[in-house]
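Enquirer: Structure in structure tokens, see below.
The values are calculated or read from the model by the stated rules, or taken from the named source; none is laboratory data. Model, not experiment: these values are computed from the prediction. Cβ coordinates were reconstructed from backbone atoms using ideal geometry, including for glycine residues, and neighbour counts include every protein chain displayed. Note: areas computed on protein heavy atoms with side chains; ligands, DNA, RNA excluded. Shrake-Rupley method; radii C 1.70, N 1.55, O 1.52, S 1.80 Å.
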Amino acid sequence: MTSRVKLDVDDGRLLLTSASKDLYLRLLDGQPASADNAALQLLIQSQLVERHPDTGEWEPADVDMVIHQWQATLQTMAGQFLAEAQLVPAQLRELSDAYRRSRPKIAPVEYVTGTQAINERIAAAVRGASEELLSAQASGPRPAHVLAASYVQDMAALERGLVLRTIYLPSVRGDEPTARWARTVTERGAEIRTSRHLSRMIIIDRRLAVTSVLTRGEPDPVAVDRAVFITDETVVQLLVAAWERDWARAQPWDGVDAGVTLTQLQRDILEGIGRGLEQEDVAAELHVSRRTVANRLSELREATGSRNIAQLMYWYGLHCDQV
């Protein structure tokens, strides 16, 4: 029995009925099968039975072999469907561009209110992407349900062959769920970096940019439930340039190097700050320049996600025995 299983059902799945399973078990016990039995026909179709070379009677086939054949068939079908899915955006790009040109002009800047409406608009745009997704997540580790939705969306984009680059705040390096996500997507070709210098945005195919709405006179100027969708070519390219600058100074991360290792100089600087010394005094004590001390502290703030020296010293107090 070397031929592949032929899947010939409406939804693409070959499922055995209870009657066909019972018949297979009876055949194992040596009981005969009726030729017009519907259950037998399904066993034949699935190649779970074969004729005895001498008697011509139906007898059970090796189930493990059939399992292997089913899997091979389904995997081949999945590969074919995936290959076709990857070709769709490129094949329809010309028609898509023509359609957009024929429609009334969309406002180059559009404000959308409501988290659900924003997410739905972004998801639709990502599904239609054919080249590249650039994003900067400025809110630290994302909730589990948001990360799970992102995982599905990101893996689908990578399967379609899109370039995916994301910038996170350094604080995600200590978040294990985000680290697992990072390890998974980077293994599939995504690139991730971390930086304290970033503005929240998503850029799709360098044609659409989505970013936060800033408000005047508010304690937090970022309106969390509003976003602006920008299609103006000049503005989008300016945002791409800003994103690329943030990317250039960000630190690569693949989800593995979640820990921070201190050099002896960095440790001595932190010990000096912990004793209450000013940075100038620490520099003099260690015989290095004031700029060196400032640069080392900046590096540590970047690596630990600390916004200021106070947070950095708090982090050091918690981890001094581990780093």
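Enquirer: Using the structure shown, decide if R51 is at pLDDT below 75 and either under 40 Å from the mean Cα position of the chain (by Cα) or open to solvent by 80 Å² or more (accessible area, probe 1.4 Å) (or both).
Expert: no
Enquirer: While we're looking at this one, here's another question. What's the number of the only condition in (1) touching a residue at least 40 places away in the same chain (Cβ under 8 Å); (2) open to solvent by 20 Å² or more (accessible area, probe 1.4 Å) that A179 fails to meet?
Expert: A179 satisfies every listed condition except (2).
Enquirer: If I ask for residues that are part of a loop (DSSP other than H, G, I, E, B) and either in contact (Cβ under 8 Å) with a residue 24 or more places away in the chain or of a type in the set (K, R) (or both), which ones from region 30-75 would you list? Lay out the reasoning, then the answer.
Expert: The initial filter retains those residues of region 30-75 that are part of a loop (DSSP other than H, G, I, E, B), namely 30-37, 46-48, 52-57, 61-62.
Listed by number, the residues that qualify are P32, A33, S46, Q47, L48, E57, A61, D62.
Enquirer: Are any residues in region 270-308 at pLDDT 90 or above and among the aliphatic types (A, V, I, L, M), and if so, which ones?
Expert: L270, I273, L277, V282, A283, A284, L286, V288, V293, A294, L297 - these are the residues of region 270-308 that are at pLDDT 90 or above and among the aliphatic types (A, V, I, L, M).
Enquirer: Can you pull out the residues in region 129-174 that are of a type outside the set (A, V, I, L, M), open to solvent by 20 Å² or more (accessible area, probe 1.4 Å) and touching a residue at least 40 places away in the same chain (Cβ under 8 Å)?
Expert: S130, E131, E132, Q137, S139, E159, R160, G161, R165, S171, R173, G174
Enquirer: Can you tell me which residue within region 99-117, out of those that are at pLDDT 85 or above and part of a helix (DSSP H, G or I), is most open to solvent (accessible area, probe 1.4 Å)?
Expert: If we take residues in region 99-117 being at pLDDT 85 or above and part of a helix (DSSP H, G or I), then Q116 is most open to solvent (accessible area, probe 1.4 Å).
Enquirer: Go through region 278-323 and report how many residues are assigned to a loop (DSSP other than H, G, I, E, B), touching a helix residue (DSSP H, G or I) at 6+ places or on another chain (Cβ under 7 Å) and surrounded by 13 or more Cβ atoms within 10 Å (Cβ to Cβ).
Expert: 2
Enquirer: From (1) open to solvent by less than 60 Å² (accessible area, probe 1.4 Å); (2) within 15 Å of F229 (Cβ to Cβ), pick out the condition that doesn't hold for S96.
Expert: All conditions are met except number (2).
Enquirer: Further question on the same structure: Quick one: is L262 in a helix (DSSP H, G or I) and open to solvent by less than 40 Å² (accessible area, probe 1.4 Å)?
Expert: no
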